[in-house]
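The values are calculated or read from the model by the stated rules, or taken from the named source; none is laboratory data. Note that this is a predicted model, so its numbers are computed, not measured. For neighbour counting, all protein chains shown are included, and Cβ atoms are generated from backbone atoms with ideal geometry for every residue, glycine included. Quick note on the areas: whole protein, heavy atoms, side chains included, nothing else; ligands and nucleic acids left out. Shrake-Rupley method; radii C 1.70, N 1.55, O 1.52, S 1.80 Å.
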Amino acid sequence: MLGNHHVHTRVSIARLAICLWALEDLAGADPLYVEHLASCRKELGDKHLDTFSSLACLGQIRCAQGMYETGLPLLQESLTGRLKTLGEMDPMTVEVRQAQTKYEAEYNLKRGQQAASLNAGSVMPPAGVQPASTVSSSGSSSGSAPVSAPSTGSSAGPSTFNVRNMAPKRG
């Protein structure tokens with residue numbers, strides 16, 4: 001028996017999570033990355049590259065599911081560790097920074113849309129739902145443009161994998 005924290009078990013969990021991510025099963029990949037991150041922290045420590053990779057993957061999965069409040073801090077922790085360990089020019093550091101920037105922009109857009117909706121005194125319709133048009137006293141229709149959720153970019157699924165860093169790569 002290898003056990004839950006054996007290196008082969010840890011790698012297998014990461015590979016299964018990658019496969020689920022590729023199949024767009026983000027909800028299935030999430031708990032596997034949680035388990036993988038816990039194993040990395042316990043067996044390798046908080047400053048190991050595999051731990052940074054696991055943080056980045058879980059952060060991206062969470063953000064792609066719209067869970068920015070938990071995903072963005074994970075991306076930040078990964079980025080901070082990578083910057084200290086590998087520097088700004090490391091390719092994976094650059095990728096984590098790009099992911100963080102992308103998801104921060106989506107989160108800020110989402111928050112801005114919600115604030116605008118609250119200020120207007122209306123409730124935003126769910127993503128993809130066409131708001132009802134209203135008819136003015138003159139009889140003309142005045143509908144607003146549909147509001148849609150920001151694209152996460154992850155729904156298309158990764159086309160290639162970077163197994164060493166345990167993150168699906170688009171290419």
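Being part of a helix (DSSP H, G or I) and over 25 Å from Cys19 (Cα atoms) is the filter here; which residues of the range 70-100 pass it? It would help to see each step written out before you state the result.
The first filter runs over the range 70-100 and keeps only residues part of a helix (DSSP H, G or I), leaving 70-86, 91-100.
Once the filter is applied, which keeps residues that are part of a helix (DSSP H, G or I) and over 25 Å from Cys19 (Cα atoms), the range 70-100 yields Thr80, Gly81, Leu83, Lys84, Thr85, Leu86.
Return the residue satisfying two criteria in turn: it lies in the range 65-79 and is among the small types (Gly, Ala, Ser) and surrounded by 19 or more Cβ atoms within 10 Å (Cβ to Cβ), and of such residues it is nearest to Lys110 (Cα to Cα). Write out each step before concluding.
So in the range 65-79, the residues among the small types (Gly, Ala, Ser) come out as 66, 71, 78.
Filter again for surrounded by 19 or more Cβ atoms within 10 Å (Cβ to Cβ), leaving 71, 78.
On the way: Gly71: 15, Ser78: 23 Å.
Within the range 65-79, the match that is nearest to Lys110 (Cα to Cα) is Gly71.
Here Lys42 passes the criteria (1) free of Cβ contacts under 8 Å to residues at least 60 places away in the same chain; (2) exposed (fewer than 15 other Cβ atoms within 10 Å of the Cβ); (3) more than 23 Å from Leu86 (Cα to Cα); (4) of a type outside the set (Asp, Glu) except the one numbered (3).
Rundown of residues vs (1) modelled with pLDDT of 95 or more; (2) within 24 Å of Pro91 (Cα to Cα); (3) basic (Lys, Arg), yes/no style:
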position: His5; (1), (2), (3): no, no, no
position: Val11; (1), (2), (3): no, yes, no
position: Cys19; (1), (2), (3): yes, yes, no
position: Leu23; (1), (2), (3): yes, no, no
position: Leu26; (1), (2), (3): yes, no, no
position: Leu37; (1), (2), (3): yes, yes, no
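Scan the range 65-107 for residues that are charged (D, E, K, R) and within 16 Å of Leu37 (Cβ to Cβ) and jot them down. Correct list: Glu77, Arg82.
Going through the range 92-146 one residue at a time, which ones are open to solvent by 60 Å² or more (accessible area, probe 1.4 Å), at pLDDT 50 or above and in contact with a Ser or Thr (Cβ under 7 Å, 6 or more places away or on another chain)? Selection gives Val123, Met124, Ala127, Gly128. The residue of the range 14-31 that is farthest from the chain's Cα centre (by Cα), among those that are assigned to a helix (DSSP H, G or I) and charged (D, E, K, R), is Arg15.
Which is within 19 Å of Leu75 (Cβ to Cβ), open to solvent by less than 70 Å² (accessible area, probe 1.4 Å), free of Cβ contacts under 8 Å to residues at least 40 places away in the same chain and in a helix (DSSP H, G or I), of Val34, Val11? Walk me through it before giving the result.
On the way: Val11 fails: within 19 Å of Leu75 (Cβ to Cβ).
Just one listed residue meets the conditions, Val34.
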